[in-house]
Amino acid sequence: MADGHPALLAAVERSRKLLHRRALMAAAAGVVPVPGLDWAVDAALLTRLIPQINAEFGLTPEQIDRLTPHKREQVQKAVGMVGSALVGRMVTRELVMRALRLIGVRLTAQQAAKFVPLAGQAVSAALGYATLRYLGEMHLRDCVQVAKAAGLQLPAPADTGKQSGNAT
């Protein structure tokens, strides 16, 4: 994905660590036998995760606003080519819910599995992990494509932690 770009590779690795932690939280929520809870948890996790991944690639709205007009235009064109609704935008609950609806079949199966004692909760946890991981990986891929297409200079790791808020 990073094609030998060390800064991109480092950003991908940091993003995947964040993604793995959030997916584990989604799996934990999937174990709780309360229908609908995992949807709310997934939305909350993604609402925090997407901006953190954006920050790793210099693609938060604030980071993009600090670019030169020419570079900002390149980023906007790259976002348009990729077709992402979450790169470089303020991430709202509505945008996250739209992304979650794209994989609604998985989430519906996850809800149905909760009604089967024990085994259903294990299936629900696995689907919760897979769902969040899938959406995160799609977004991560979009960020890499935009960063490469726009020729962005990625922010230093210490800078992204300050800009994205809590790093955990």
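The values are calculated or read from the model by the stated rules, or taken from the named source; none is laboratory data. None of these values were measured; they are calculated from a predicted model. Every residue, glycine as well, gets a Cβ built from its backbone with ideal geometry; the counts of neighbours run over all protein chains shown. Ligands, DNA and RNA are stripped out before the accessible areas are found, and what is left, the full protein with its side chains, is counted by its heavy atoms. Shrake-Rupley method; radii C 1.70, N 1.55, O 1.52, S 1.80 Å.
Worth a mention:
- Out of Ala43, Ala55, Ala78, sole residue that is over 17 Å from the mean Cα position of the chain (by Cα), open to solvent by less than 10 Å² (accessible area, probe 1.4 Å) and of a type in the set (Gly, Ala, Ser): Ala78
- Close contacts from the stretch 52-72, counting a first residue that is more than 16 Å from Leu8 (Cβ to Cβ) and a second that is open to solvent by 60 Å² or more (accessible area, probe 1.4 Å), with Cβ to Cβ under 7 Å and a gap of 6+ residues or different chains, come to Thr60/Gln163; Pro61/Arg89; Pro61/Met90; Glu62/Gln163; Ile64/Arg72.
- Number of positions in the stretch 26-40 that are open to solvent by 40 Å² or more (accessible area, probe 1.4 Å), in contact (Cβ under 8 Å) with a residue 40 or more places away in the chain and in a helix (DSSP H, G or I): 3
- Residues in the stretch 82-113 that are in contact with a helix residue (DSSP H, G or I) (Cβ under 9 Å, 6 or more places away or on another chain), among the β-branched types (Val, Ile, Thr) and modelled with pLDDT under 65: Ile103 alone.
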